[in-house]
Amino acid sequence: MACGLSSYEDVPKEQVEFLEKWSRFSDWLHCICVVTFDLELGQAMENVYPPGVQLSDQEKCNICYLAFPDSNSGCMGDTQFHVRLRSRTALTTQQMIYNEGAVPTLRADSTHYWGFVYFRQVKDPSLPRGYFQKSIILLTRLPFINLFYKVIKLIAPKHFEDGERSLEAACHDINRWPVLDSGQNVLLPVLGSVFQSYIPNQQTGKVTRSDIAKQIDSSSVPHIIASIQDVNVFDALSTLISHLHLLWELVLTAEPIVVMASSPTECSALVQALTNLIQPLPYSAEYRPYFTIHDSEFKEFTRKQFNPPHVILGVTNPFFTKTLQHWPHTIKLGDSTTIKTKLRKVGNTKLLDTAPGVYTQYKPFLEKDKAIIKKLHNGIRTDRPSEVQTAMVKRHLLELTQSFMIPLERYMASLMPLQKNISPYRAPPVPNPFNPEDFFATLQQSGPQLTTGIKGDWNGLYRNFFRTPNFSAWFHQRHSKLTNKLHALQLEALAESDLKKWSIGKKEVEIVDMVLKLREVLKSNPPVADNTRTLLARRLEDLNCVLADDMKSILNAPT
């Protein structure tokens, strides 16, 4: 969809009309799909709301296959899970504005859709196959997992009861939601209920729960407090707690992981929990909470002639046991009564058909923190609430991730050139190059040992990390931030400079070059304060004063 365009040139008329009518809806959701089972076609798209929304044939095909659990899952009644699928559609303008202030892990996804699925399968003797099978999917760019699970849980049953009118009404309600923005409480009305939530920004980023949102008392309209992205990490990981530090390392270093479970609910929950283990660092490799053999990327992810890609896959089809046996790490989930899951060597694939376990030959770089593992196991034995267990896991891993990242943040800050090297009259300097050996030299004085008691081969873990998409994404963002800071400092120096004095003895071509540069800077909305922008405009006036009249006429002539 062309929502990301600021103008509608070259956009078909019907699409322009759609964008104008459904602009607010398109910021929050891409569409709502209804997928049913057709005796001749199999899983088929029954409807897409709102009418006129753009989906490619490939996207429709992927959505249809991801909307139903594998037949072997045997999911009766109502089942909820979530999926991710690739998208080539641009973000909307508002989504891009939102991303500038959003917490990295809550940004609108520029390369994928998130799909929140509500599947119903019940016996119905009046139908040819004897079963009613249908899914409703919310498709969005926003990873607001907890919120959208609650929204689909409200919308889907009403559709099953009332038909398409309820989905049409839901679309109109969502089209009246507030502007998508971070750092605010939001009230989101849908079908007679109001979801109340808080979207953190980079200043309030530590607050990812909605408990700072004040409950609004209203007897007429039920208000549902919904956090944006509270992932219950502990419930998904409860049988794997003994391997918490191993899993943290695998996710940090973006190792290929297969999660095998009996239902898409279980595998999508665990895949999501895994990607949350390294917060506040965003997991930047590919991951699919639920993946099927019909997915358009099936061949790309399963080919054996190359090393497995940096992907975490959640699967339920036993076919993957053989197809992905060359992958180095497999997590096979057992039933919910299993207290502990064993660590098993990856070579014994026969066990994969039956025995739950973590199948890997990976040797962790760091030692376990046995104290936190013992506390969590004691919590299981004493029925400590899972919210408390989740808070303990998140706090421990947050501190571990921060201990790992703080030396990198400190070293990255040291790559900033000295301010005395910034000249108002020359291009800003670039950040000094990142040198791993220079970084390692800083660890003795300011390494992770300052903030954590966990011992091990930290250098080896850093070396592995440097080869991952997680490091690449982090480095690119930090390097861009440094570059922007240097650009801003150079512009501030230019704004404070005496350009009339500078122009004395300069050739006309040099002065014209500076005039054009200042014009370009002012036109491009530079990353500086308003008062600096005002001073830059004055410097431009200063230079105009020293130019000859004929040159002024040429420069000021309309283009």
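The values are calculated or read from the model by the stated rules, or taken from the named source; none is laboratory data. Bear in mind that the values here come from a model prediction, so they are computed numbers and not experimental data. A quick note on method: Cβ atoms are made from the backbone with ideal geometry, for glycine too, and the neighbour counts reach across all protein chains shown. Just so you know, the surface numbers come from the protein's heavy atoms only, side chains and all, with ligands and any DNA or RNA stripped out. Shrake-Rupley method; radii C 1.70, N 1.55, O 1.52, S 1.80 Å.
On the given criteria, is Ser446 assigned by the TED database to the domain that holds Lys370 and over 21 Å from Trp248 (Cα atoms)? Taking the combined requirement at face value, the residue satisfies it. Counting only strands (runs of 3 or more DSSP E) that sit completely within the range 175-271, those holding 3 or more residues that are at pLDDT 90 or above, surrounded by 18 or more Cβ atoms within 10 Å (Cβ to Cβ) and assigned by the TED database to the domain that holds Lys332 correspond to 257-260. Listed by first and then second residue, the pairs with beta-carbon distance under 8 Å, at least 6 apart or on different chains, first residue in the range 171-183 and on the phi > 0 side of the Ramachandran plot, second not charged (D, E, K, R), are Gly183/Gly101; Gly183/Ile199; Gly183/Pro200; Gly183/Asn201; Gly183/Gln203; Gly183/Thr204. Considering only residues of the range 371-392 that are closer than 16 Å to Leu247 by Cβ and either of a type in the set (Val, Ile, Thr) or out of contact with any helix residue (DSSP H, G or I) (no Cβ under 8 Å at 6 or more places or on another chain) (or both), which is surrounded by the fewest Cβ atoms within 10 Å (Cβ to Cβ)? Restricting to residues being closer than 16 Å to Leu247 by Cβ and either of a type in the set (Val, Ile, Thr) or out of contact with any helix residue (DSSP H, G or I) (no Cβ under 8 Å at 6 or more places or on another chain) (or both), the top hit is Ile373. Out of the range 93-123, which residues are open to solvent by 50 Å² or more (accessible area, probe 1.4 Å) and either closer than 20 Å to Leu55 by Cβ or part of a helix (DSSP H, G or I) (or both)? Selection gives Thr93, Met96, Ile97, Glu100, Ser110, Thr111.
A residue that is assigned by the TED database to the domain that holds Leu138, under 15 Å from Val117 (Cα atoms), aromatic (Phe, Trp, Tyr) and not in a strand (DSSP E or B) can be found somewhere in the range 63-73.
Among the residues of the range 414-445, those identified as part of a helix (DSSP H, G or I) and surrounded by 13 or more Cβ atoms within 10 Å (Cβ to Cβ) are Asp438, Phe439, Phe440, Thr442, Leu443. What number of residues in the range 446-475 are open to solvent by 40 Å² or more (accessible area, probe 1.4 Å) and hydroxyl-bearing (Ser, Thr, Tyr)? The number of residues fulfilling the criteria is 2. Only one of these is open to solvent by less than 10 Å² (accessible area, probe 1.4 Å) and either in a loop (DSSP other than H, G, I, E, B) or at pLDDT 90 or above (or both): Ala169, Ala156. Name it. It is Ala156. With respect to the stated conditions, Ala537 is free of Cβ contacts under 8 Å to residues at least 24 places away in the same chain and either aromatic (Phe, Trp, Tyr) or open to solvent by less than 80 Å² (accessible area, probe 1.4 Å) (or both). All conditions but one from (1) closer than 23 Å to Ala285 by Cα; (2) open to solvent by 30 Å² or more (accessible area, probe 1.4 Å) apply to Ser56; the one that does not is (1). Among the residues of the range 48-60, is there at least one that is under 30 Å from Arg129 (Cα atoms), assigned to a strand (DSSP E or B) and assigned by the TED database to the domain that holds Leu147? Yes: one or more hits. Quick check on Gly163: is it within 19 Å of Pro50 (Cα to Cα), open to solvent by 10 Å² or more (accessible area, probe 1.4 Å) and either in the same structural domain as Ser87 (by the TED database) or not basic (Lys, Arg) (or both)? Yes.
Considering only residues that are among the basic types (Lys, Arg) and surrounded by 18 or more Cβ atoms within 10 Å (Cβ to Cβ), look in the range 124-148 and name the one that is modelled with the highest pLDDT.
Taking the range 124-148 as the starting set, the residues that turn out to be among the basic types (Lys, Arg) are 129, 134, 141.
Subset that is surrounded by 18 or more Cβ atoms within 10 Å (Cβ to Cβ): 134, 141.
Details: Lys134: 90, Arg141: 96.
Among them, the one singled out is Arg141.
Taking the condition in contact with a Gly (Cβ under 6 Å, 6 or more places away or on another chain) and either at pLDDT 90 or above or surrounded by 14 or more Cβ atoms within 10 Å (Cβ to Cβ) (or both), does Ala90 pass? Don't jump to the end; show me each part of the working.
On the way: in contact with a Gly (Cβ under 6 Å, 6 or more places away or on another chain): yes; either at pLDDT 90 or above or surrounded by 14 or more Cβ atoms within 10 Å (Cβ to Cβ) (or both): yes.
Taking the combined requirement at face value, the residue satisfies it.
Scanning the range 297-335 for residues that are among the hydrophobic types (A, V, I, L, M, F, W, C), open to solvent by 10 Å² or more (accessible area, probe 1.4 Å) and either within 14 Å of Glu286 (Cβ to Cβ) or not in a loop (DSSP other than H, G, I, E, B) (or both) gives Phe298, Phe319.
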